[in-house]
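Engineer: Would you mind keeping the following structure in view while I ask a few things?
The values are calculated or read from the model by the stated rules, or taken from the named source; none is laboratory data. Values in this document were obtained by computation on a predicted structure and should not be read as measured data. Here the Cβ positions follow ideal geometry from the backbone for every residue, glycine too, while neighbour counts run over all protein chains shown. In case anyone asks, the SASA skips ligands and DNA or RNA and just uses the protein heavy atoms, side chains included. Shrake-Rupley method; radii C 1.70, N 1.55, O 1.52, S 1.80 Å.
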Amino acid sequence: MWAGTALAWFVADLATKQWALASLSPGAKKPVLGNLLSIQLVFNPGAAFSFLASHTWIFTIVAGAACIVVALFTRKADSLQLTLALGMLEAGAAGNLVDRLFRQPYHGQGQVVDFINYADFFVGNVADIAIVVSVLWLALLGLRGKEDSK
């Protein structure tokens, strides 16, 4: 289940990034839901909000380490929900890691392809959705675990 979930999200991320690269002009914004949601191709060398944009290599190392740690931790998963959430987290980390390794300027310094603009607050991609949803899901599972132990 973990591998299937990770593979599905990973393929969805790569496919949507390829679509964005083939279909969109960098910077041009196309509204989808008025001002709330639009499609806009941007290249992000940093983290969310282009945080630490000049230190792309840090995010490359963190994403690589996350992929390894999540894969190892999954062996200890004791529920289907935990397994699925970890699969999503693996896919999100791997999707953005691939960009950092294989997109210009390459060698761990590559820029992540982002194209989902959320009300001009930030621009993300499917990998980012997988990361955010999985982290929230893991937090809820952690809170539920604490409630179950009381």
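Engineer: Using the reciprocal of the averaged 1/r over all distinct C-alpha pairs, how large is the Kirkwood radius of the chain in Å?
Structural biologist: The Cα-based Kirkwood calculation yields 16.0 Å.
Engineer: Still on this structure: Using a Förster distance of 25 angstrom, determine the FRET efficiency expected from the C-beta separation of L101 and M1, and round it to 0.05.
Structural biologist: Taking R0 as 25 Å, the efficiency between L101 and M1 is 0.40.
Engineer: Just the number please: accessible area per residue for the stretch 1-143, 1.4 Å probe, all protein chains included, in Å².
Structural biologist: 55 Å²
Engineer: Could you compute the net charge surrounding V113? Neighbours are other residues with a C-beta less than 12 Å from the C-beta of V113; K and R count +1, D and E count -1.
Structural biologist: Every neighbour counted, the sum reads -1.
Engineer: Excluding same-chain pairs closer than 8 in sequence, count the lysine pairs in the chain whose Cα atoms lie under 24 Å apart.
Structural biologist: 4
Engineer: At 222 nm, what value in deg cm²/dmol follows for the chain if DSSP H runs of at least 4 each add -39500 (n - 2.57) and the sum is divided by all its residues, to the nearest 500?
Structural biologist: The per-residue figure over the chain is -20500 deg cm²/dmol.
Engineer: Can you give the net charge of the other residues whose Cβ lies under 13 Å from the Cβ of W2, counting K and R as +1 and D and E as -1?
Structural biologist: 0
Engineer: Which order do the peptides 63-73, 79-89, 17-27, 1-11 take when ranked by the mean count of other beta-carbon atoms within 10 Å per residue, highest first?
Structural biologist: Highest mean packing first, the order is 79-89, 1-11, 63-73, 17-27.
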